[in-house]
1. (1) open to solvent by less than 80 Å² (accessible area, probe 1.4 Å); (2) in a helix (DSSP H, G or I); (3) polar (S, T, N, Q): which one isn't true of residue 82, the others all being true?
2. Here are some residues: 151, 125, 90, 112. Which one is in contact with a Leu (Cβ under 7 Å, 6 or more places away or on another chain), closer than 27 Å to residue 13 by Cβ and either open to solvent by 70 Å² or more (accessible area, probe 1.4 Å) or in contact (Cβ under 8 Å) with a residue 12 or more places away in the chain (or both)?
3. Quick one: which of 191, 105 is open to solvent by less than 50 Å² (accessible area, probe 1.4 Å) and modelled with pLDDT under 90?
4. Within segment 128-146, restricting attention to residues that are of a type in the set (A, V, I, L, M, F, W, C) and not in a helix (DSSP H, G or I), which residue is surrounded by the most Cβ atoms within 10 Å (Cβ to Cβ)?
5. Residues to consider are 99, 75; find the one that is closer than 30 Å to residue 32 by Cβ and surrounded by fewer than 17 Cβ atoms within 10 Å (Cβ to Cβ).
6. Residues of segment 93-109 being touching a residue at least 12 places away in the same chain (Cβ under 8 Å), out of contact with any Lys or Arg (no Cβ under 7 Å at 6 or more places or on another chain) and not charged (D, E, K, R), which ones?
7. In segment 79-118, which residues are farther than 30 Å from residue 161 by Cα and hydrophobic (A, V, I, L, M, F, W, C)?
8. Would you call residue 24 surrounded by fewer than 19 Cβ atoms within 10 Å (Cβ to Cβ) and modelled with pLDDT under 90?
Amino acid sequence: MDRTQDELLSQACQFHTHVPFDHHFKNALNQVLNRDAQNYNLPMPTWRYVLMPLKTSSQWAGSRLWLNPEILLDIHKKPADSCWALHTVLGLTLRSPVIRDTLYGRLELACLCHGLLLRMHEVILPRNADKLQTFLGYPSLPLVNRVLEDLKFRHIPGERDELMKNYSAILRQHERKTYIDAEERALARSGSERHTSWR
């Protein structure tokens, strides 16, 4: 493969959201989620779908495993070796690189982030008391049903356009800093050249 995981994720995000899945986008997402800058485990949300990361595993050649919650059927502990087995609707069973509770937390965060992007895109929104799972259009599957059982539309964090406002502000701040740094380097260079010419 000639592209890294990060490049593929960024391209997929840009295709649907028109912004790359870079540290600016992740910082903006963290602000909406009211989290510290914990970019490593953030899902990659678009308004159509979301991919949630599971940790790096030697089974995946050092790459992280990214999964769409809509394909996850269930997770069970295998009695033989005490490992967690992740079952998918595709008929695949994977050895989960995370335990059940960690998977539940990642799945919930991914679904809330998906809801955040979908809420920005939709013209007509549901009532606050409507189920998040219905709004996302997820099928009724044991794992998703358990994790999203009590989540409603109102649980989607932030305001409707907060993510893109944050992203624009972070990007403007970065561009200003880049410009100022370039100007300071140019001034330092010209001052050094003048000092050399006086000798």
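1. Result: residue 82 fails condition (2) only.
2. Just one listed residue meets the conditions, 151.
3. Numbers: 105 fails: modelled with pLDDT under 90.
Only one candidate passes the filter, namely 191.
4. The residue in question is 141.
5. Of the residues listed, the single one that is closer than 30 Å to residue 32 by Cβ and surrounded by fewer than 17 Cβ atoms within 10 Å (Cβ to Cβ) is 99.
6. The answer is 94, 96, 99, 103, 104, 107, 109.
7. Answer for segment 79-118, where residues must be farther than 30 Å from residue 161 by Cα and hydrophobic (A, V, I, L, M, F, W, C): 80, 83, 84, 85, 86, 89, 90, 92, 94, 98, 99.
8. For residue 24, the condition - surrounded by fewer than 19 Cβ atoms within 10 Å (Cβ to Cβ) and modelled with pLDDT under 90 - is not met.
The values are calculated or read from the model by the stated rules, or taken from the named source; none is laboratory data. Here the structure is a predicted model, which means the values were calculated and not measured. Please note: Cβ atoms are built from the backbone with ideal geometry, for glycine as well, and neighbour counts cover all protein chains shown. These area figures cover heavy atoms from the full protein model, side chains too; ligands, DNA and RNA do not enter into them. Shrake-Rupley method; radii C 1.70, N 1.55, O 1.52, S 1.80 Å.
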